[in-house]
1. Any idea what Rg and Dmax come out to for the stretch 1-83 if you just take the C-alpha atoms, in Å?
2. For the chain, what does the equivalent ellipsoid look like in terms of its semi-axes, each the square root of 5 times an eigenvalue of the Cα gyration tensor, given largest first in whole Å?
3. Kindly point out, ordered by number, any Cys in the chain whose beta-carbon has no other cysteine beta-carbon under 4.7 Å away.
4. Arranged by the count of other C-beta atoms within 10 angstrom, fewest first, what order do Y148, Y193 take?
5. In the chain, with Lys and Arg counted as +1 and Asp and Glu as -1 at Cβ, which of these residues, Y6, L107, L180, has the Cα nearest the positive end of the dipole, that is, farthest along it?
6. When the dipole is taken about the Cα centre of the chain, and only Lys, Arg (+1) and Asp, Glu (-1) are charged at their Cβ, what size is it in debye, to the nearest 20?
7. Pick out, from H248, Y163, Y120, the residue whose Cα sits farthest towards the positive end of the charge dipole of the chain, with +1 on the Cβ of Lys and Arg and -1 on the Cβ of Asp and Glu.
8. How many angstrom lie between the Cα centre of the stretch 3-40 and the Cα centre of the stretch 56-110?
Amino acid sequence: MKIATYNINGINGRLPVLLQWLKIASPDVVCLQELKAPDEKFPEQALLEAGYHSIWHGEKSWNGVAILSRYGEIKETRRGLDGDPEDLHSRYIEAFINGVVIGCLYLPNGNPCPGPKFDYKLKWIKRFSKHAKKLQSFDLPVALIGDYNIIPTDLDTYKPEKYVENALFRPEVRKQFSSLKKTGWVDALRKLYPGQRVYTFWDYLRHAFDRNAGLRLDHFLLNDSLSSRLKAAGVDKEVRGWPHSSDHAPVWILLDEL
């Protein structure tokens, strides 16, 4: 079972890139973030023609999440998080696919920091962590996948000193990510590449991709029953270099079948 995540950064404007990558990489399940499209503008038919069923929670602005599957129609189990009825942003969607609970998330950026956006980020992580704890009680394989907008350690950025005041790298955020992992979640890429600089994002500015001035923002957190099936993982870095591509590259894991 091959599961991927991709912050598409505007699904309709980058639909040709997405379709080309799907054809080449052939993932079984894909989590998408930053759709930048309301529900009625989601390209469901184009993805069906490519062999993927979809569920999505769209939003016109910077948000929006979706899950694609080659296993047929998807059983959606949740959209949004509990804890704040006034938070209507499209940042979380969850499904049960081929025996696995898959949560697709787009965690708030939080900049500028300090400020209201950073406070919202911290509150959102706490709400997400509470839901993740609930998922740990399930006797099912679970994967929490997406753009966490968190640089977990110095190893996950080309230049740690540059991001000291950035919301993605603040000690409060890194501590919450570390605390989340300690409740029983395995960081899939870090498990397989414990000492390597593996990046998933390169800024559009200052030729960041050409210089490999990257960050690791896109993460797979797996519970114990799923992490035991982890076989391989990687980043399709070349996609970031395609014309009109997102500033993120697709990231994937390969799981042994039951």
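Every number in this text was worked out from the coordinates using simple rules, so none of it is lab data. Fair warning: this is a prediction, and the values are worked out from it, not measured in the lab. Methodologically, a virtual Cβ is constructed for each residue, glycine included, from the backbone with ideal geometry; neighbour enumeration extends over all protein chains shown.
1. 12.1, 40
2. Details: eigenvalues 113, 94, 77 Å².
In descending order, the three semi-axes are 24, 22, 20 Å.
3. C113
4. On the way: Y148 26, Y193 16.
Exposure proxy ranking, most exposed first: Y193, Y148.
5. Looking along the dipole axis, the top candidate is L180.
6. Here the chain has a charge dipole of around 680 debye.
7. Farthest towards the positive end: Y163.
8. The stretch 3-40 and the stretch 56-110 have Cα centres spaced 14 Å from each other.
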